Amino acid sequence: MPPAASPSLPDCPENAASRTTAFASATRPWLVAAIVAALSTACAPQAADQGAGNASPQLTHPPTEESNALLQADTFDQVWTIIRDTHPDPSINQGSWNEARLTFRERAIAATNLEAFRATLQDMMQTLGDSHFAIIPSAVAGSASAVGGWSGLSVQVIDGSPIVTSVLPGSPAAAAGIVPGWRVLRSEGDSLDGLLAEIPQPRTALERSTRDRIVNGFLRGRPGMSPEMEFVDTKGVPQTARFTFDSPPGEVVTLGNLPPMPAACSARILTANEVDSLGVDPTTVGRVGLLTFTIWMPALAQQIDAALFGFRGVDALVIDLRGNPGGIALMVSGVAGHLLDEPTSLGQMQGRAMRMDFKANPRVVDGTGTHVGTIQAPVAILIDGLSGSTSEMFAGGLVDIGRAEVFGHCTAGAALPATTHPLRNGDILLHAIADFRTPSGVSIEGTGVCQRIGPPPTPSDYAACPEAELRSALRWIAAERAQAKPTAPPAPVQQSPG
């Protein structure tokens with residue numbers, strides 16, 4: 001697999017010379033947190049401190065040039081050794097990883113600041129060409145400021161242009177009048193085209209998703225900040241909007257050494273007016289349940305289960321995983337159990353010394369002990385380039401066994417289960433420890449999960465419909481229900497007398 005674009009680019013907001021120092025420095029931690037969340041964990045627990053992985057006591061006296069060099073050498077060796085011993089592909093030890101050590105070690109030791117040192121480590125890990133390898137700065141890990149602000153604005157790069165693909169109702173971006181389909185030109189005077197020019201042309205889904213996350217990170221800030229953004233609408237008319245970042249909806253959750261992340265879940269039945277506004281006849285889709293959650297974390301498990309138990313009688317189910325970066329992979333089996341009639345594998349995780357089958361058992365009994373069966377209706381999953389990791393395992397597994405279809409742009413292609421490890425300099429290493437394949441043996445890493453029914457939305461689709469992915473899903477649901485509708489038996493042939 002060719003090397004992916006670097007997933008840890010904390011300085012991107014400052015690459016544009018005209019961005020104010022205050023706005024850039026406030027945005028930068030959010031960018032790191034957003035990208036790390038995209039690469040975020042699968043089901044592995046935090047690594048235990050053993051051998052080369054032990055975290056040494058931190059220096060308490062002012063560091064000297066010599067002590068910095070020693071600490072950087074020690075930390076570099078720790079990172080290299082952990083990956084050598086835990087990477088899911090043991091063949092990296094047959095030359096390539098040894099060559100990486102020789103190539104980058106002296107550069108790491110000679111780094112004059114932490115930023116340069118982290119960049120060297122990231123460059124070394126980038127030679128693997130895999131997702132879920134990143135250095136989480138100590139200032140970001142566990143820092144509440146890394147949660148950042150919320151605008152309700154999502155952007156994807158489509159055909160080379162940064163296009164607004166989602167504006168959540170009631171969000172600061174919606175209040176500012178921003179609508180899907182607009183092309184983003186500048187934020188606080190800094191050109192998005194200039195930022196994109198510095199990012200290599202993506203060759204894989206993982207590289208494309210990394211680019212999308214860099215762009216979205218560039219547009220973020222802390223609660224209370226009010227950036228001015230410039231756009232071009234679908235008629236070519238320049239538009240300017242200013243909004244104030246709010247605190248993200250839901251609750252802030254933490255996991256191990258990863259930065260805190262916002263978690264929110266909502267569930268409802270789509271109204272006839274909503275369906276009709278998307279150009280779909282409500283009578284053709286029936287009662288459609290819509291479940292949305294922003295991350296796969298145990299804090300949301302009870303809400304997700306309650307929603308799915310409540311959807312037992314729907315005519316169709318839509319699960320919205322757009323922007324969901326992943327989380328705890330073990331949740332996949334529990335959620336999928338609401339949708340399956342018999343024990344079914346959604347895929348396998350294979351590591352150096354372990355193998356795990358993601359088998360889902362039917363969830364036929366609710367929390368009160370009542371037998372409720374499972375959901376029999378068609379299932380559509382909404383995705384985009386920011387859907388990663390556990391979201392991809394869930395969607396890819398259900399598509400593979402024919403239980404669901406996905407709608408939207410291809411997912412991130414970042415599906416390697418990973419864990420975190422404390423480093424001797426205080427930073428955190430995020431590193432993959434296994435590979436994941438669907439039941440038929442398909443690897444999602446690097447390629448993602450892609451829409452199979454028709455093409456994904458174009459910029460004009462987003463301009464014409466604020467929920468382009470949902471519209472495609474509803475059209476498919478209508479077709480599925482029409483195909484499944486039983487036809488009346490033929491009338492008996494009347495025999496002529498005589």
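The values are calculated or read from the model by the stated rules, or taken from the named source; none is laboratory data. All values reported here derive from a predicted model rather than from experimental measurement. As a convention, Cβ positions derive from the backbone with ideal geometry for all residues, glycine included, and neighbour counts pool all protein chains shown.
Every residue, every condition in (1) in a helix (DSSP H, G or I); (2) in the same structural domain as LEU121 (by TED's automatic domain parsing); (3) surrounded by fewer than 20 Cβ atoms within 10 Å (Cβ to Cβ), yes or no:
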residue	(1), (2), (3)
LEU317	no, no, no
HIS338	no, no, no
ASP341	no, no, yes
THR368	no, no, yes
GLU392	yes, no, no
ALA395	yes, no, no
VAL406	no, no, no
GLY426	no, no, yes
Is it the case that ARG355 is in the same structural domain as THR292 (by TED's automatic domain parsing) and farther than 30 Å from SER91 by Cα?
no
Among (1) farther than 18 Å from ILE295 by Cβ; (2) without any contact (Cβ under 8 Å) to a residue 40 or more places away in the chain, which single condition is LEU398 missing?
(2)
State all residues of region 158-204 that are within 18 Å of the chain's Cα centre (by Cα) and farther than 18 Å from ASP233 by Cβ; if no residue qualifies, say none.
LEU168, PRO202, THR204
Quickly run through region 200-252 and pick out the residues that are aliphatic (A, V, I, L, M) and in contact (Cβ under 8 Å) with a residue 12 or more places away in the chain.
ALA205, LEU206, ILE214, VAL215, LEU219, MET225, MET229, VAL232, ALA241, VAL252
Looking for something touching a residue at least 12 places away in the same chain (Cβ under 8 Å), closer than 28 Å to SER460 by Cα and among the acidic types (Asp, Glu) - is there at least one such residue anywhere in region 298-310?
no
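Mind counting the residues in region 263-305 that are part of a loop (DSSP other than H, G, I, E, B) and under 22 Å from SER387 (Cα atoms)?
Selection size over region 263-305: 4.
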If ALA111 passes every condition in (1) in contact with a helix residue (DSSP H, G or I) (Cβ under 9 Å, 6 or more places away or on another chain); (2) surrounded by fewer than 22 Cβ atoms within 10 Å (Cβ to Cβ); (3) at pLDDT below 90 but one, which one does it miss?
(3)
Are there any pairs with C-beta distances below 9 angstrom linking a residue in region 157-177 that is in a helix (DSSP H, G or I) to a residue that is acidic (Asp, Glu), with the two at least 6 apart or on different chains, and if so which?
PRO172/ASP246
Determine, yes or no, whether LEU308 is assigned by TED's automatic domain parsing to the domain that holds ASP384, among the aliphatic types (A, V, I, L, M) and part of a helix (DSSP H, G or I).
yes
Report yes if some residue within region 102-115 is of a type in the set (Asp, Glu), under 18 Å from ALA432 (Cα atoms) and in contact (Cβ under 8 Å) with a residue 12 or more places away in the chain; otherwise report no.
no
So in region 450-464, with the set limited to residues that are among the polar types (S, T, N, Q) and surrounded by fewer than 17 Cβ atoms within 10 Å (Cβ to Cβ), which one is farthest from THR204 (Cα to Cα)?
SER460
Filtered residues of region 198-223 (kept if of a type in the set (A, V, I, L, M) and modelled with pLDDT of 90 or more)
VAL215, LEU219
Condition (residue is not charged (D, E, K, R) and not in a loop (DSSP other than H, G, I, E, B)) applied to region 443-454: is it met by at least one residue?
yes
Taking region 257-267, which residues are over 16 Å from the mean Cα position of the chain (by Cα) and either β-branched (Val, Ile, Thr) or modelled with pLDDT of 95 or more (or both)?
SER266, ALA267
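Give THR254, THR165, THR244 a once-over and let me know the one that is of a type outside the set (Phe, Trp, Tyr), modelled with pLDDT of 95 or more and over 29 Å from PHE407 (Cβ atoms).
Just a single option satisfies the conditions, and that option is THR244.
Please tell me if ALA119 is buried (at least 17 other Cβ atoms within 10 Å of the Cβ), at pLDDT below 95, in a helix (DSSP H, G or I) and not assigned by TED's automatic domain parsing to the domain that holds GLU228.
yes
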Taking the condition assigned by TED's automatic domain parsing to the domain that holds ALA173, over 30 Å from HIS421 (Cα atoms) and either in contact with a helix residue (DSSP H, G or I) (Cβ under 7 Å, 6 or more places away or on another chain) or at pLDDT below 95 (or both), does THR234 pass?
yes
